[in-house]
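Chemist: Sharing a structure, written as structure tokens. Questions coming.
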């Protein structure tokens with residue numbers, strides 16, 4: 001698929017079929033994250049990948065427990081996604097990298113407070129975007145969403161080390177296009193600004 005076509009087709013999908021993703025396809029999608037920019041080549045992004053009902057059910061049981069909240073949830077077919085990916089940012093990796101001799105003069109290795117922009121989250125977001133694009137190129141559906149609730153309980157259950165910051169979750173799977181079209185996201189109809197409105201050439 002040409003890159004322009006990937007961009008045109010990329011959208012958030014909220015209804016999935018439960019069929020598994022073949023391992024080679026999943027590896028290509030996950031591998032795309034390794035092509036993301038990384039300040040100082042700090043390499044501070046990790047992915048926790050939950051594949052199959054046994055693993056994804058644990059995620060949902062913590063973040064959206066069975067009961068009234070799940071019964072009211074507007075996108076139940078999201079829970080059929082066969083893969084969930086948690087992109088995790090590692091602040092310490094960046095501080096340690098910028099403490100090394102070739103970067104020490106920046107002062108960014110002293111503490112997180114010295115960073116005007118937290119590049120660990122920026123770079124992890126870049127990686128997440130590449131996963132979304134790679135999924136589209138493979139014919140998969142994908143949705144990036146925030147962790148609904150009980151984040152710390154989830155991280156503990158997954159054995160995530162202290163200091164890792166989840167920026168959200170990516171659901172991956174084969175889209176159920178009919179079900180997805182029947183209940184689009186609440187913001188789907190909101191128009192985007194034109195290129196001329198969003199791009200300020202030379203100055204604002």
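Values in this text are rule-based calculations from the coordinates and carry no lab data. Predicted model, so just to flag it, every value in this text is computed and none were measured. As a convention, Cβ positions derive from the backbone with ideal geometry for all residues, glycine included, and neighbour counts pool all protein chains shown.
Chemist: Regarding segment 46-57, can at least one residue be identified that is in contact with a strand residue (DSSP E or B) (Cβ under 7 Å, 6 or more places away or on another chain), touching a residue at least 24 places away in the same chain (Cβ under 8 Å) and more than 22 Å from residue 14 (Cβ to Cβ)?
Modeler: yes
Chemist: Filter segment 51-103 down to the residues that are farther than 26 Å from residue 126 by Cβ and touching a helix residue (DSSP H, G or I) at 6+ places or on another chain (Cβ under 6 Å) and list them by number.
Modeler: 60, 62, 64, 77, 79
Chemist: Here's something else I'd like to know. Within the group 155, 143, which residue is without any contact (Cβ under 8 Å) to a residue 24 or more places away in the chain, surrounded by 20 or more Cβ atoms within 10 Å (Cβ to Cβ) and either closer than 12 Å to residue 85 by Cα or over 14 Å from the mean Cα position of the chain (by Cα) (or both)?
Modeler: Residue meeting the stated conditions: 155.
Chemist: Here is a further query. Could you figure out which of (1) in contact with a helix residue (DSSP H, G or I) (Cβ under 8 Å, 6 or more places away or on another chain); (2) more than 19 Å from residue 185 (Cβ to Cβ) isn't true of residue 139?
Modeler: Among (1) in contact with a helix residue (DSSP H, G or I) (Cβ under 8 Å, 6 or more places away or on another chain); (2) more than 19 Å from residue 185 (Cβ to Cβ), residue 139 violates only (1).
Chemist: Follow-up question, since we're still on this one. For segment 109-116, indicate whether the set of residues that are closer than 25 Å to residue 61 by Cβ, part of a helix (DSSP H, G or I) and touching a residue at least 12 places away in the same chain (Cβ under 8 Å) is non-empty.
Modeler: no
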